[in-house]
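Participant: The structure's right below; bear with me while I get my questions together.
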Amino acid sequence: MLSKRDKKIIWHPFTQEHTAGLPLAISRAKGSYLYDEHGKAYLDLISSWWVNLHGHGNEQIAKSIFEQAMQLEHVIFAGFTHAPAVELCEALKKCLPAMLERFFFSDNGSTCVEAALKMAYQYWHNLEGKASRNLFLCFDGGYHGDTFGAMSAGRSHFHGKFEQLFFKSIAIPFPATFENDHDVESKEQNALDALDEQLTKFGEQAAAIIVESLVQGASGMRMCRPSFLKAVIEKVRQYGILVIFDEVMTGFGRTGTLFALDQVDAVPDFLCLSKGITGGFLPLALTVTTNQIYSAFWSDQWDKAFAHGHSYTANPLACRAAITSLQLLLGSETQVAITAINVAHKAGLKYLAQRTGAAKNFRVLGTIAAFEIENISPNFKATCLNEGMLIRPLGNAVYLLPPYSTTALELKDSYEKLSKIITY
Ligand SMILES: *Cc1c(COP(=O)(O)O)cnc(C)c1O
């Protein structure tokens, strides 16, 4: 049995191997479903860790990868280029605010965040000839990846034990909100007051602020209002602090618009993209920035260059997958599907609210729905799997973040199953 052979040899991510039991062996996937060794189907309600966009096994993406592989599978990206990289950036540029016009490739969410943090830091160094701004601002509950820079600029409870090794960052409270939240204004005011206090003390020392725009993913799909983000940006800009939007999770339609920044009346200096970028087929990431940042690295001196890069930078197969995925995403069929998912979420949460008192703090943004369950059962995930649903709560937070191939009927069915699983 594959699961048992795995257990003998493989070490899995985010897993306590001793208590985890056997991993589920998936032998194939199509559309919104995964199929295990025995043919049992699971509706992939978390888009396989937030990466899948159009459903599994999308034939157009698969075909474009095959064709690219026959042409050019990979080439070093320092001093070289290729059509898939250029075409992808040209296509994305058309979808972004005009100021975001310079694209730096890497290959996962953590590395595109690392690139943004390092660029922000070196920007000040290049301008002033010394390390003048040595800290970052971030948010309570922020998650930006598991590498050291990303951990330092985050506040994930997964990372506490590494704290002694982190660079300095200062966290601002995050005013997480939900439907019928009567305290949202006071929470936002409290966060802005805390920000003011830190800016007065450290405003001249902060290189940048990093934020998961509109939705904090890993800390439990915690949402804030666009007007709050705008207010934060206005305040930090008064100190010249650069703004990094981490849209690794929120990008590519998840929040109902192409990017979450489309709902915030402000443009960041850096935009971090990964996860859904290839439709969930291959690892790829981009750090997008402005010409103002780029020009600070433009010099006769090599020392001012950005000395950073990864082996698989701008992998042509991944770029080609991303181009096809973006075309699908911009098509009217996908846009209709995104709206339908949003409508189904709203109806589903209402249905749940009427049937259980244990679920609370309901919230929806685009294709993301979430709520909390008091005293969630440790068996919750296993029960959902039994019922043919892949759902992975984050602490007490249950969320649905389905691929855009998921139908309103499939979601209705899932909410009905959930209402039976949450029995109190
Ligand atoms: C997942 C995630 C990351 C890290 O991406 P990896 O590809 O797992 O390294 C960074 N930021 C956000 C907001 C994420 O959700």
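Participant: Quick test for you: out of Ala191, Ala208, pick the one residue that is in a helix (DSSP H, G or I), within 23 Å of the chain's Cα centre (by Cα) and under 18 Å from Lys230 (Cβ atoms).
Facilitator: Ala191
Residue-wise test of (1) open to solvent by 10 Å² or more (accessible area, probe 1.4 Å); (2) in contact with a strand residue (DSSP E or B) (Cβ under 7 Å, 6 or more places away or on another chain); (3) touching a residue at least 40 places away in the same chain (Cβ under 8 Å).
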residue	(1), (2), (3)
Ala266	yes, no, no
Gly276	no, no, yes
Asn291	yes, yes, yes
Gly309	yes, no, yes
Leu317	yes, no, yes
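Participant: Take the conditions under 30 Å from Gln16 (Cα atoms) and either touching a residue at least 40 places away in the same chain (Cβ under 8 Å) or exposed (fewer than 14 other Cβ atoms within 10 Å of the Cβ) (or both) and apply them to Tyr143. Does it pass?
Facilitator: yes
Participant: Of everything in the stretch 347-381, what is of a type in the set (S, T, N, Q) and either outside any loop (DSSP other than H, G, I, E, B) or touching a Cys at 6+ places or on another chain (Cβ under 8 Å) (or both)? Give them in sequence order.
Facilitator: Listed by number, the residues that qualify are Gln354, Asn361.
Participant: Ok, one more. Name the pairs: first residue in the stretch 240-261 and open to solvent by 10 Å² or more (accessible area, probe 1.4 Å) and near the ligand (Cβ under 10 Å from one of its atoms), second residue small (Gly, Ala, Ser) and not in a loop (DSSP other than H, G, I, E, B), Cβ to Cβ under 6 Å, at least 6 apart or on different chains?
Facilitator: Val248/Gly109
Participant: Here are Tyr42, Tyr35: which of them is surrounded by 13 or more Cβ atoms within 10 Å (Cβ to Cβ), without any contact (Cβ under 8 Å) to a residue 60 or more places away in the chain and closer than 25 Å to Tyr404 by Cβ?
Facilitator: Tyr35
Participant: If you don't mind, there's one more thing I want to ask. Given the structure, is Ala176 modelled with pLDDT of 95 or more and either within 12 Å of the ligand (Cβ to nearest atom) or touching a His at 6+ places or on another chain (Cβ under 8 Å) (or both)?
Facilitator: no
Participant: Quick check: anything in the stretch 96-109 acidic (Asp, Glu) and surrounded by 16 or more Cβ atoms within 10 Å (Cβ to Cβ)?
Facilitator: yes
Participant: Additional query: For the stretch 252-293, how many residues are among the hydrophobic types (A, V, I, L, M, F, W, C) and in a loop (DSSP other than H, G, I, E, B)?
Facilitator: So the count comes out to 9.
Participant: What are the residues in the stretch 319-331 that are open to solvent by 50 Å² or more (accessible area, probe 1.4 Å) and either polar (S, T, N, Q) or at positive phi (or both), if any?
Facilitator: Listed by number, the list holds a single entry, Gln327.
Participant: For the condition of a type in the set (S, T, N, Q) and assigned to a helix (DSSP H, G or I), what is the one hit in Ser227, Ser213, Ser219?
Facilitator: Ser227
Participant: For Glu387, are the conditions met, namely being of a type in the set (Asp, Glu), open to solvent by less than 50 Å² (accessible area, probe 1.4 Å) and in contact (Cβ under 8 Å) with a residue 12 or more places away in the chain?
Facilitator: no
Participant: Checking the condition outside any strand (DSSP E or B) and touching a strand residue (DSSP E or B) at 6+ places or on another chain (Cβ under 8 Å), which residue from Ile244, Ile233 passes?
Facilitator: From the options Ile244, Ile233, the qualifying one is Ile233.
Participant: For the stretch 1-119, please list each of the helices (runs of 4 or more DSSP H) lying entirely inside it that holds at least 2 residues being modelled with pLDDT of 95 or more and more than 16 Å from the ligand (Cβ to nearest atom).
Facilitator: It comes to 2-9, 59-71, 83-93.
Participant: Looking at Glu212, Glu188, Glu197, Glu204 in this structure, which one is among the charged types (D, E, K, R), buried (at least 16 other Cβ atoms within 10 Å of the Cβ) and more than 16 Å from the ligand (Cβ to nearest atom)?
Facilitator: Within the list Glu212, Glu188, Glu197, Glu204, the selection yields Glu188.
Participant: Looking for something within 12 Å of the ligand (Cβ to nearest atom), open to solvent by 10 Å² or more (accessible area, probe 1.4 Å), within 27 Å of Phe362 (Cα to Cα) and in contact with a Cys (Cβ under 8 Å, 6 or more places away or on another chain) - is there at least one such residue anywhere in the stretch 218-227?
Facilitator: No, that holds for no residue.
The values are calculated or read from the model by the stated rules, or taken from the named source; none is laboratory data. Please read all numbers here as calculations on a predicted model, not as lab measurements. For neighbour counting, all protein chains shown are included, and Cβ atoms are generated from backbone atoms with ideal geometry for every residue, glycine included. Heavy atoms of the whole protein, side chains included, go into the accessibility calculation; ligands, DNA and RNA do not. Shrake-Rupley method; radii C 1.70, N 1.55, O 1.52, S 1.80 Å.
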